[in-house]
Amino acid sequence: MDNIKEFEAGLLKKLEAKDMDKIVIRNISREIVNLKKSGLLIDQVYVKGVPRLDRYIINGIVDPEFWSKFNNVGGIFSRFEVFPYGVIAHQGFKFNAEIER
Amino acid sequence: MMNEHFTKGSSACAAPFRTIQLHPTRRCNLCCKHCYSSSSPLLKESLDLTALKTFLKYAYDQGFNNISLSGGEPLLYKDLEALLRFTKELGYNNTMATNGMLLGGARNRSLLQYLDLVAVSVDGPPQLHDYIRGQQGAFEKMQQGLQILKELNKPFGLIHTVTPESWKELIWLGAFAADAGAKLLQLHPLELFGRARQELAQWANDDLHLHRTYILANYLSSKYQGRMVIQADLLHRDYLQSFPQVVNGFARSCSNKDRLAQVIDNIVIDETGAITPFAYGFDPQLSIGTLHDFDDTLFDRYLAHNAAKIEAMMEQTLAHVFENKDQDIINWNEVWVYNSRNPLQVSA
């Protein structure tokens, strides 16, 4: 979506809707976690009051089935971030990737 | 096979830092509604610096490498500069969580040189921040603190306690943090512990709120990639099931289970000198000891007596989380602390 403010307003409106179907919101979260599980970044959690000091990136083997859907471009990225931009149709994703040097 | 490198017992080590969370005093210039340590201006007790130094030397030799100062307001600890200088010389990373309102004085500006990261608490836009902090003008004073950090070129982040009243402000908060020059925005869901249990019981986060926070945090992470780290202290149940070693030090094949610092990523020292594993509020019956009565066998003795019990508790807690299909998004540390005090009943 070109207009980021418009997207953010739409995202908040979608998440805020009183009658929001919980199945939909669970599916969005699940799509995010599926992508994380296929990727290179491990989530961490910190206890209350402890700030995160640094980012920790795990280098691993990219799931070939996942990447085959994206023209077999796996293996060249050192890191990527994803978010289901198509919140209404949450199968759509935006990728930000860094090429390994 | 998918994720074969990250399954239980993998070589992935989840914690690069082994943290000692220090609460040298619970004295504070504020009396925040969500304060898990129930800190306030009325509390006076503080840690003895000599005893603390002796323990921190021992803990460093045992593998701990990160100091995380909390409180109370750490800047009110009279020996803070001497403490930070000592830990920095030993080799620790020094971090500090602060309300940011007391950074203007010469002493406090000076001690920033010993800190690797300053994390300033922000509870939302001015009105919500001041309400939580119980002081009109708290937001403005905090902003002045951010300006000082920026002027001194000191790396800083913002820590936000997410409540059902604040999740919809997360996009605003991301922009506020980025504009202020923060390198980190950390989102920690409200835990009903300490004063929060009395003051904010009606603000408990349910699964829907945690989903909203999880989704927005991932959006912000994507939006600010390369400019600011977004850390959400939440895990999806499916993720935790695939990577239990993120929270379970006993499940890491690279862990030496005879070394406390390799199976317990975080220990807490409060203003009385009590040493607690994992997190503030963890069952005191599983306390590691005190600063005032320890020797060089403390960690070894603790593991010999408690490791098997803690590992079993950890596995029971994880199994319970995995079985509960009604709760997708997990505030792991809240669950873990709660279960330490209210052990799960295991059927025969």
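Key figures for this structure:
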item	result
Test: residue in segment B:335-344 that is crowded, with 21+ Cβ neighbours inside 10 Å and not β-branched (Val, Ile, Thr)	yes
Condition check for B:Asp300: modelled with pLDDT under 95 and more than 21 Å from the chain's Cα centre (by Cα)	no
Some residue of segment B:212-227 being assigned to a helix (DSSP H, G or I), without any contact (Cβ under 8 Å) to a residue 60 or more places away in the chain, at the interface with chain A (Cβ under 9 Å from one of its Cβ atoms) and of a type in the set (D, E, K, R)	yes
Filtered residue count, segment B:271-315, keeping only those that are open to solvent by 30 Å² or more (accessible area, probe 1.4 Å), farther than 17 Å from B:Asn333 by Cα and in a loop (DSSP other than H, G, I, E, B)	6
Criterion: of a type outside the set (Phe, Trp, Tyr), closer than 21 Å to B:Asn66 by Cα and open to solvent by 10 Å² or more (accessible area, probe 1.4 Å) - qualifying residue of B:Ile148, B:Ile159	B:Ile159
Residues (part of a strand (DSSP E or B) and free of Cβ contacts under 8 Å to residues at least 60 places away in the same chain) located in segment B:69-97	B:Leu69, B:Asn94, B:Thr95, B:Met96
Output for segment B:305-329, where each listed residue is acidic (Asp, Glu) and in contact with a strand residue (DSSP E or B) (Cβ under 8 Å, 6 or more places away or on another chain)	B:Asp328
Filter result (outside any helix (DSSP H, G or I) and closer than 18 Å to B:Leu128 by Cβ) within segment B:193-208	B:Leu200, B:Ala204, B:Asn205
Lone unmet requirement of (1) farther than 17 Å from B:Arg85 by Cβ; (2) open to solvent by less than 30 Å² (accessible area, probe 1.4 Å); (3) free of Cβ contacts under 8 Å to residues at least 60 places away in the same chain for B:Arg27	(2)
Matching entry among B:Gly63, B:Gly100 (being open to solvent by 10 Å² or more (accessible area, probe 1.4 Å), in a loop (DSSP other than H, G, I, E, B), out of contact with any Cys (no Cβ under 9 Å at 6 or more places or on another chain) and not β-branched (Val, Ile, Thr))	B:Gly63
Segment A:12-22 - residue that is modelled with pLDDT of 80 or more and more than 8 Å from chain B (Cβ to nearest Cβ) and, of those, farthest from B:Ile215 (Cα to Cα)	A:Lys13
Filter result for the condition that a residue is out of contact with any Gly (no Cβ under 6 Å at 6 or more places or on another chain), open to solvent by 10 Å² or more (accessible area, probe 1.4 Å) and within 12 Å of another protein chain (Cβ to nearest Cβ), over B:Val246, B:Val268	B:Val246
B:Leu260, sole failed condition from (1) open to solvent by less than 40 Å² (accessible area, probe 1.4 Å); (2) more than 8 Å from chain A (Cβ to nearest Cβ); (3) within 23 Å of A:Lys36 (Cβ to Cβ); (4) in contact (Cβ under 8 Å) with a residue 60 or more places away in the chain	(3)
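The values are calculated or read from the model by the stated rules, or taken from the named source; none is laboratory data. If you're wondering where the values come from, they're calculated on a predicted model, not measured in any experiment. Please note: Cβ atoms are built from the backbone with ideal geometry, for glycine as well, and neighbour counts cover all protein chains shown. For the accessible areas, the whole protein counts, side chains as well, though only heavy atoms, and no ligand, DNA or RNA atoms are used. Shrake-Rupley method; radii C 1.70, N 1.55, O 1.52, S 1.80 Å.
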